[in-house]
Amino acid sequence: MWKPIDMSVTEPLLLIDTGQANITVIRLNRPDARNALTTGLLAQLVNALDVIEVDDDVKAVVITGSEKVFAAGADLKEMAALDMGGVVNDRRPALWKQIASFPKPLIAAVNGFALGAGAELVMHADIVIAGDNAQFGQPEINLGMIPGAGGTQRLIRAVGKSVAMKMVLSGEFIAADEAKQLGLVAEVTLPELTLERAIKLAQLIATKPPLALKQAKDVLLQAFEMHLDAGLKYERKAFTVLAGTADRNEGIAAFFEKRPAEFKGQ
Ligand code: CO8
């Protein structure tokens, strides 16, 4: 059941569903502004992720928008009010950094438009499930801007130079199928099934050993930061750490005893 993250406001920017075992679903909720991301919305999202990070019962998170729009980018009314000094002192880069460092699996369930900072939020997710009506775009160029929440750096890593250049320089969108072919999206579904599929995947991930999940996410993301040799050393260290965990012993024992493993996060 959806409830506001911040109970004190009449028009909540985010809704949360904690009714599913071991996962939390967060919904962007600014329908009148096509889920445009205000600083306040990002701050609420970061607060919610902070709470989830230390809640051992929540193993994975799904973030979604509405059926027609995931998010239409940064809130342009807010952007219009910022001059160069305002951008220098902008609080949002720090908020984006916190979203990027969220250590648990984050799945984006995307229907409709994911544009500008909306597409950048999608690229902060670890896995993207898209409805076949999804469109991804970086239209900042039309506004005399460039992506400012990591879009230039993450998009080129996700889709390669030529498509990233095309999207950022022309503002053209790509559709779900193309996004899947390029690797930006893991799966494409019917729009009415997008959230359901993302929740199912999150629930499957939630059954896995939490320490191994945390290491896997961290090591995979390092592939974007490190040269291969350094990345391989980093992987080996994480692999070694996991060899000392009770869950690793339990996983192997359960395999030989032909029973489901009971992971304890230890
Ligand atoms: N910000 C504020 N309001 C918005 C935004 C937005 N990004 N997008 C839509 N709205 C508002 C409209 O102004 C309109 O309001 P009103 O009803 O009061 O006129 C309402 O939402 C509905 O909009 P539309 O009539 O345009 O709705 P449609 O369903 O026809 O179209 C679209 C939906 C395609 C999503 C369209 O609204 C659109 O193109 N929106 C703008 C997309 C865009 O340019 N995004 C890029 C924004 S810039 C950015 O993200 C930079 C990120 C930098 C981050 C830096 C962090 C440090």
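List the number of the failed condition for Met167; all other conditions in (1) surrounded by 14 or more Cβ atoms within 10 Å (Cβ to Cβ); (2) of a type outside the set (Gly, Ala, Ser); (3) assigned to a helix (DSSP H, G or I); (4) within 11 Å of the ligand (Cβ to nearest atom) hold.
(4)
Which of the helices (runs of 4 or more DSSP H) found entirely inside region 176-266 contain at least 2 residues meeting this: in contact with a strand residue (DSSP E or B) (Cβ under 8 Å, 6 or more places away or on another chain)? Steps first, answer last, please.
Numbers: elements: 176-182, 194-206, 210-222, 228-243, 246-256.
Because the criterion is at least 2 residues that are in contact with a strand residue (DSSP E or B) (Cβ under 8 Å, 6 or more places away or on another chain), the helices (runs of 4 or more DSSP H) in region 176-266 that meet it are 176-182, 194-206.
Each row is one residue, and each column tells you yes or no for (1) surrounded by 19 or more Cβ atoms within 10 Å (Cβ to Cβ); (2) away from the ligand (no atom under 14 Å from the Cβ).
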residue	(1), (2)
Gly131	yes, yes
Ala175	no, no
Glu196	no, yes
Lys200	no, yes
Gln203	no, yes
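Consider Ile5 against the criteria (1) crowded, with 16+ Cβ neighbours inside 10 Å; (2) among the aliphatic types (A, V, I, L, M); (3) within 23 Å of Gly112 (Cα to Cα): it satisfies all of them except one. Which criterion is unmet?
Checking Ile5 against (1) crowded, with 16+ Cβ neighbours inside 10 Å; (2) among the aliphatic types (A, V, I, L, M); (3) within 23 Å of Gly112 (Cα to Cα), the one that fails is (3).
Quick one: in region 101-116, which of the residues that are open to solvent by 10 Å² or more (accessible area, probe 1.4 Å) and over 9 Å from the mean Cα position of the chain (by Cα) is nearest to Pro210 (Cα to Cα)?
It comes out as Lys104.
Being within 26 Å of Leu213 (Cα to Cα) and either in a loop (DSSP other than H, G, I, E, B) or away from the ligand (no atom under 16 Å from the Cβ) (or both): is that true of Ile146 here?
Working: within 26 Å of Leu213 (Cα to Cα): no; either in a loop (DSSP other than H, G, I, E, B) or away from the ligand (no atom under 16 Å from the Cβ) (or both): yes.
The answer is no for Ile146.
The values are calculated or read from the model by the stated rules, or taken from the named source; none is laboratory data. Keep in mind that what you see is a predicted model, and the values were worked out from it rather than measured. We place every Cβ from the backbone using ideal geometry, glycine too, and count neighbours over all the protein chains shown. Ligands, DNA and RNA are stripped out before the accessible areas are found, and what is left, the full protein with its side chains, is counted by its heavy atoms. Shrake-Rupley method; radii C 1.70, N 1.55, O 1.52, S 1.80 Å.
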